[in-house]
Amino acid sequence: MRLALTPDGKWDLATADLVAAARAAGFTAVGINADQVDARAVEAYAAAGVRCHELLAFVVGDDESATMASAEQLADRAQTIGAEWVLTVFTAKVPPQRIERCAKLFDTAGAGMAVEYTPLGAIPTIRDGMEFVTAAGRAARAGLLIDSWHFCFSDNTWGDLAAVPLDDIAY
């Protein structure tokens, strides 16, 4: 098991300070907000000896051109920081073909698509999330992000969770 930290967007902390503190606390990976990816962030991760497990966040919405532009930008930033996954959240259900195209962009950058389901969003259940994992997975690496808060406040059951193949879990 690896211990990774997802930063809260409300934290006002320099990337170098965050990754150093996370490493000191025993974390081996730290996520990063896409707008913080630059040469200094790359240096900070290397100096702290931690990897980037996730790039935050790809927001998939109704506007196809905006979604695709965001995917291109995030693919570039994922490659720059060496992110293993691009956290993907949905404000709308979209055609599977759009998800496939985005997943291919991330795959080319060396990252997978981590599909997040949430009872507060357009993809409220594990089953809904797995539909998008399957769609993305036809084109590239994809997995489901399983968040304890989302699970506990959703209508999902332990059976739903147990049915997710281990290979389909991003983190």
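The values are calculated or read from the model by the stated rules, or taken from the named source; none is laboratory data. Being a predicted model, the structure only gives us computed values, none of them experimental. Positions of Cβ are generated from backbone atoms using ideal geometry, with glycine treated the same way; all protein chains shown enter the neighbour counts. The area values use the complete protein model at the heavy-atom level, side chains included, leaving out ligands, DNA and RNA. Shrake-Rupley method; radii C 1.70, N 1.55, O 1.52, S 1.80 Å.
Considering every residue within the range 80-88, establish whether at least one is over 25 Å from residue 162 (Cα atoms), surrounded by 17 or more Cβ atoms within 10 Å (Cβ to Cβ) and among the hydrophobic types (A, V, I, L, M, F, W, C).
Scanning the range 80-88 turns up at least one residue that is over 25 Å from residue 162 (Cα atoms), surrounded by 17 or more Cβ atoms within 10 Å (Cβ to Cβ) and among the hydrophobic types (A, V, I, L, M, F, W, C).
From the list 140, 103, which one is outside any helix (DSSP H, G or I) and over 20 Å from residue 153 (Cα atoms)? Let's see the steps before the verdict.
Numbers: 103 fails: outside any helix (DSSP H, G or I).
That would be 140, the only listed residue that is outside any helix (DSSP H, G or I) and over 20 Å from residue 153 (Cα atoms).
Quickly run through the range 91-104 and pick out the residues that are closer than 15 Å to residue 68 by Cβ, of a type in the set (Lys, Arg) and modelled with pLDDT under 95.
Hits for the range 91-104 are 98, 101.
Kindly indicate which of 69, 16, 78, 29 is of a type in the set (A, V, I, L, M), at pLDDT 95 or above and farther than 18 Å from residue 111 by Cβ.
On the way: 69 fails: farther than 18 Å from residue 111 by Cβ; 78 fails: farther than 18 Å from residue 111 by Cβ; 29 fails: farther than 18 Å from residue 111 by Cβ.
Result: 16 is the single residue among 69, 16, 78, 29 that is of a type in the set (A, V, I, L, M), at pLDDT 95 or above and farther than 18 Å from residue 111 by Cβ.
How many residues does the range 122-171 contain that are within 26 Å of residue 62 (Cβ to Cβ), small (Gly, Ala, Ser) and open to solvent by 60 Å² or more (accessible area, probe 1.4 Å)?
So the answer is 0.
Please specify each residue of the range 1-13 satisfying the condition of being small (Gly, Ala, Ser) and in a loop (DSSP other than H, G, I, E, B).
Once the filter is applied, which keeps residues that are small (Gly, Ala, Ser) and in a loop (DSSP other than H, G, I, E, B), the range 1-13 yields only 9.
Quick one: how many residues across the range 105-121 are surrounded by fewer than 17 Cβ atoms within 10 Å (Cβ to Cβ) and at pLDDT 95 or above?
Residues in the range 105-121 being surrounded by fewer than 17 Cβ atoms within 10 Å (Cβ to Cβ) and at pLDDT 95 or above: 2 in total.
Which members of the range 14-59 meet the condition of being free of Cβ contacts under 8 Å to residues at least 40 places away in the same chain, under 17 Å from the mean Cα position of the chain (by Cα) and in a helix (DSSP H, G or I)?
35, 36
Do you know which of the residues in the range 1-13 that are over 12 Å from residue 33 (Cβ atoms) and either in contact (Cβ under 8 Å) with a residue 24 or more places away in the chain or in contact with a Phe, Trp or Tyr (Cβ under 6 Å, 6 or more places away or on another chain) (or both) is most open to solvent (accessible area, probe 1.4 Å)?
So the residue we want is 2.
Scan the range 1-34 residue by residue and report those that are in contact with a Leu (Cβ under 9 Å, 6 or more places away or on another chain) and not aliphatic (A, V, I, L, M).
6, 7, 9, 11, 26, 27, 28, 31, 33, listed by residue number.
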